[in-house]
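These notes are about the structure you will find just below.
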Amino acid sequence: AGESGKSTIVKQMKIIHEGGFTSEDNKQYKPVVYSNTIQSLVAIIRAMGTLSIPFGDNERESDAKMVLDVIARMEDTEPFTEELLAAMKRLWVDSGVQECLGRANEYQLNDSAKYFLDDLDRLGAKDYMPTEQDILRTRVKTTGIVEVHFSFKNLNFKLFDVGGQRSERKKWIHCFEDVTAIIFCVAMSEYDQVLHEDETTNRMQESLKLFDSICNNKWFTETSIILFLNKKDLFEEKIKKSPLSNMFP
């Protein structure tokens, strides 16, 4: 399903089996890091309005307007100006913003929001270049089918990364009758979140439903299916404050 970490696994295969990312790859990910970071902060700011969470300091209103204006001008892939960076740093330490972050399961927020926003000084440096970990943490919605080739122990592998949202599935589900195996990714941390495309549907319930449909699909009767439980680190943190029984009594 969407945002289960499929594309991150593909990136990890590139690191392990293809020598990692080139300096040109790193440069190409800079705009993605900038956009992911500012879009995450904007998601929190907008959710504060929806959840009626005020800023801890009223002066943060003007900082929020500056950040929202960057999105309105479609400049979110640009390096941060000094003024913007200072505003983002003030917002990030605001008590209202942090309270809203703690309620992230109630709205749509990138898993890597805290990772990037905790490191604004580094991301805002003039000589900033994405690290391997930064690239693994970036989020770009997969559309269509992305194919990756690599070799391991004299065997050639083809790995297909597909879009997980409902609108993407009809593009690929019938294309893979001859594949050797399906790696079905499930984000363990999403048990208390809802879908982007349907905010009435729990993400874990959607994954269970999709897994059942793939296991029983006529195209995959001879195909090995590997269940990959992903985002264990996020799950371990979340389960401490959001009991599984709240969603699955």
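Read-outs: derived from the displayed coordinates by stated rules, not from any lab. In this text, all values refer to a predicted model and were calculated from it rather than measured experimentally. Positions of Cβ are backbone-derived with ideal geometry, glycine not excepted, and every protein chain shown enters the neighbour counts.
Remarks
- Whole-number percent relative contact order across the chain, with pairs defined as alpha carbons under 8 Å at least 6 apart: 23
- Dividing the C-alpha radius of gyration of the stretch 41-116 by 2.2 N^0.38 Å, with N its residue count, gives 1.03.
- Ordering 21, 151, 7 by Cα displacement along the dipole of the chain toward the positive end leaves 151 in first place; charges were set at the Cβ atoms of Lys, Arg (+1) and Asp, Glu (-1).
- Inter-centroid distance (Cα atoms) of the stretch 2-51 relative to the stretch 67-99, Å: 17
- Degrees, to the nearest 10: 82-92 long Cα axis against longest axis of the chain: 80
- For the residue pairs 65/209; 158/209; 89/141; 209/240; 141/241, alpha carbon separations beyond 32 Å are given by 65/209.
- Gyration tensor over alpha-carbon atoms, the stretch 71-150, equivalent ellipsoid semi-axes in Å: 25, 19, 13
- The percentage of C-alpha pairs in the stretch 1-95 whose separation is greater than 18 Å is 56%.
- Whether the chain is rounded, prolate or oblate, judged on the alpha carbon gyration tensor where a/c under 1.5 counts as rounded: oblate
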